[in-house]
Amino acid sequence: MRSSAELPDQKPEIGYATQYGNARTIAPGVLWLPMYPGHGYLVGESGGPWAVVDTGIPGQSERIISAAKARFGKDSRPEGVYLTHGHYDHAGSALALAAYWDVPIYIHKMELPYVTGKAVYPPIDPTVGGPIGLVSYVAKHWPLDLRDYVRPLPETGALPGMTGWEVVPTPGHAPGHVSYFRKRDRVLLAGDALMTVRLDHLWDALRRPHQLAPPPPASTIDWIMARKSLQRLAELQPRTIGAGHGIPLSDNNLPMSLESMAIHFNPPFSGRYICEPALTDENGVTYIPPKTADPLPKIVAILGVAAIASLYYLRKKRNS
Ligand SMILES: [Zn+2]
Ligand SMILES: [Zn+2]
């Protein structure tokens, strides 16, 4: 599989490349805004209707606005801000953008409780392991209140500002997670339905930084649905994939790689949502599985005992 560094070089349109240094066209009319930890995308052609897809963490709005002005003109405004789901690393700057342009924020109706102050996502599971698992001991779902601008995705399927794009429901990572797909040239904006970097295996991530990977483990609440969603995406046979995490990938072999991952991927070995999912409805969470045994206290205890034993041994040696 090739990384975006090996994408056929698509000539950047004048303006944005200098004003938004590292933004990059990954397909005609699709601009990737690299932001960490979660990326955003601008979709649309200059002079035509356009939209924002995902917005990164809070505080990214100025960068996105600056890129959008350079790309579409300083007085231009989008038809809407589209979210793949409501996690704060994707929806964090949505309110600031919607307020700036006075445009709606679109999200799947099953995500609405979590972005309107009605409910909080099921807790992040730090016991799934991997580097993200460790970070998750201090992470939590930051509540966002987008009430003034948010509305459910249009049921007609027509997405203002996103001509030729369709919504693909991809629940599992989050209750109402969606991806956006353009059939014409098979471009997929996948949010967290999958990643293009492995965050659950540090060695693998360092060895092969650009590769397809399952959703971020610690915040995925239903692994059976997550697998079904991957299979649904594989059926679309995307040729270009821009996800929320990892560098976008584009390659003719991508459909085969995705299909293989959808068939062969295994959820993490253990974790709170592995044996049973969190359950939700249109009002929020209805069931959260009990916590699983957390290996961290044991590891800390073992390290503590080892440290005390070493100190004792060193002191005894010094006194003898
Ligand atoms: Zn997420
Ligand atoms: Zn994310």
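Just so it is clear, none of the values below were taken in a lab; they were calculated from the coordinates. Quick caveat, the model's predicted, so the values are computed rather than measured. Neighbour counts are summed over all protein chains in view; Cβ atoms, including those assigned to glycine, are modelled from backbone coordinates with ideal geometry.
Where does region 21-157 land on Rg/Rh, using Cα atoms and the Kirkwood Rh? If you can, show how the numbers build up before the last one.
Working: Rg = 15.5 Å, Rh = 15.6 Å.
My calculation of the ratio gives 0.99.
Quick one: the Cα spread of region 4-294 along its three principal axes, in angstroms, biggest first?
Largest to smallest, the principal-axis extents are 54, 42, 34 Å.
Fully extended, how many nm does the chain gain between Tyr287 and Glu259 (0.36 nm per residue separation, minus their Cα-Cα distance)?
Stretched fully, the Tyr287-Glu259 segment lengthens by 6.9 nm.
What full-extension length gain, to one decimal in nm, is calculated for Arg147 and Phe269 as 0.36 nm per residue of separation minus the Cα-Cα distance?
Details: separation 122, 0.36 × 122 = 43.92 nm, distance 3.78 nm.
Once the chain is fully extended between Arg147 and Phe269, it gains 40.1 nm.
How would Tyr36, Tyr106 line up from fewest to most surrounding beta-carbon atoms within 10 angstrom? Each step should come with its number before you reach the end.
Details: Tyr36 10, Tyr106 25.
With the sparsest Cβ surroundings first, the list reads Tyr36, Tyr106.
Under a 5 Å amide H to amide H cut-off, with H placed in plane at 1.01 Å, what residues pair with Trp142 once short-range neighbours are removed?
Answer set, sorted by chain and number: Tyr88.
Which far-off residues, 5 or more places away or on another chain, put their amide H under 5 Å from the one on Gly80, with H placed in the peptide plane?
Residues meeting the criterion, in which the H sits 1.01 Å from N, are Val52.
Extension gain Ile308-Lys74, at 0.36 nm per residue separation less the Cα-Cα distance, in nm? Present the calculation step by step, with values, prior to reporting the outcome.
Details: separation 234, 0.36 × 234 = 84.24 nm, distance 6.30 nm.
Full extension from Ile308 to Lys74 adds 77.9 nm.
Lysine pairs in region 4-294 with Cα distance under 23 Å, only those 8 or more apart or on different chains: how many are there?
The number of close lysine pairs in region 4-294 is 9.
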